[in-house]
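Q: Attaching a single structure in structure tokens format; questions to follow.
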Amino acid sequence: MIVKRVPPYPINIQYTVPLPNTDYYFTIENSPITIEAGLKLTSNSNSKVTYTLDEDFVKYDADYSVLIYNSPNDATGDVVVQDVLNIVRPYVDVRDLVTGAPAIAEYEGYERLARTIINSIVGPQGFLFEKSILEVVGQGTDYLPLWSLAYKVLQVYENSELVYDSTQNPPNLGEYVYGITQDRSAIYKDLAGDASAYNRAEKKPLQYRNSVSDSFNAYSALDTPTFSASNTGVMFPDGVDYVIVYETGYKVIPNDIRDATITLMEDIRCNKLEYYKRSIDQYQTDQFTIKWDPRHLDGTGNLLVDKALEKYITDLRKPWVI
């Protein structure tokens, strides 16, 4: 089921089950992000169960697994309904363009196709607004770099312990608060309630081995090779495991993307995606010998839309160990 994340909220979804007026156990799962629902629902006389989507379900774009069991109180029965629930915000609300159920259904198809084409150009995440997870090990710096456009830190786990939760008041469960830098490129960490200036380290500070002296033992009591090193304190120390849940993507659709989507929808509706008009390198009239540019399928098929998307395309890729 595809659910469009547009007002008014909340949104009701319905599924057809085998029997009317019967209790079923309804679950929504989304692993590894812990947004889940599990409850008993009773089918109506038309053998349908209804669930209300609210809170995080209508705040973020995501795919969920829906399972309905024929047991009333838990997931021990047989599965009678299995579905992928796709909650997504369209780039254009077609109700602003056309009226009437047939026209709205037709334009919704154009919008889905235009959105897919745009996402294929700018990247699979496109202009979604999601709840993402960053699992990283501290590198001995005062920043944790991000590889996507971020808005807000929601939860932080340090060595599997929850240390920050934005839903609580105060959000910090320890001594520190977490946030996103103003350029949205990294996560920072501050002492809670500390208003003093702090010069964060952009790189890992150098570590120096202490020289041996009569008053300081540089080695452990068992005389192992372990030595003490002078090191300036950092917010994200070496070897500390962090799991950070944060908001990422586009909270609102940019106006130029909305306009580009409408243009592309009209091109699809009128069959005007004429790649050949911009991709012919050579044309010969006798028996029509045509030579195509090898890039003739690059882009959306509309040069104006391609230009509008250029500033959102990046060649930056998340590095992996080879």
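Every read-out reported here was derived from the displayed coordinates using simple, explicitly stated rules and does not represent laboratory data. A quick note: this is a predicted structure, and the numbers were derived from the prediction, not measured. Every residue, glycine as well, gets a Cβ built from its backbone with ideal geometry; the counts of neighbours run over all protein chains shown.
Q: At a 10 Å Cβ-Cβ cut-off, how would you order Thr181, Thr141, fewest neighbours first? Write out the running numbers ahead of the final one.
A: On the way: Thr181 14, Thr141 19.
Ordered from fewest to most neighbouring Cβ atoms within 10 Å, Thr181, Thr141 come out as Thr181, Thr141.
Q: Mind running the shape call on the stretch 63-174? Use the C-alpha gyration tensor, a ≥ b ≥ c as the square roots of the eigenvalues: rounded below 1.5 for a/c, prolate if a/b tops b/c, oblate otherwise. Write out the running numbers ahead of the final one.
A: Numbers: a/c = 2.49, a/b = 1.35, b/c = 1.84.
Oblate, because a/c is 1.5 or more while a/b does not exceed b/c.
Q: Could you give the radius of gyration (one decimal) and Dmax (whole number) of the Cα atoms in the stretch 2-88, in Å?
A: 12.7, 36
Q: In addition: Here is the link list: Lys4/Lys272; Lys4/Lys59; Lys131/Lys311; Lys152/Lys204. Which ones come out longer than 18 Å on Cα distance?
A: Numbers: Lys4/Lys272 27 Å; Lys4/Lys59 11 Å; Lys131/Lys311 24 Å; Lys152/Lys204 25 Å.
Over 18 Å Cα-Cα: Lys4/Lys272; Lys131/Lys311; Lys152/Lys204.
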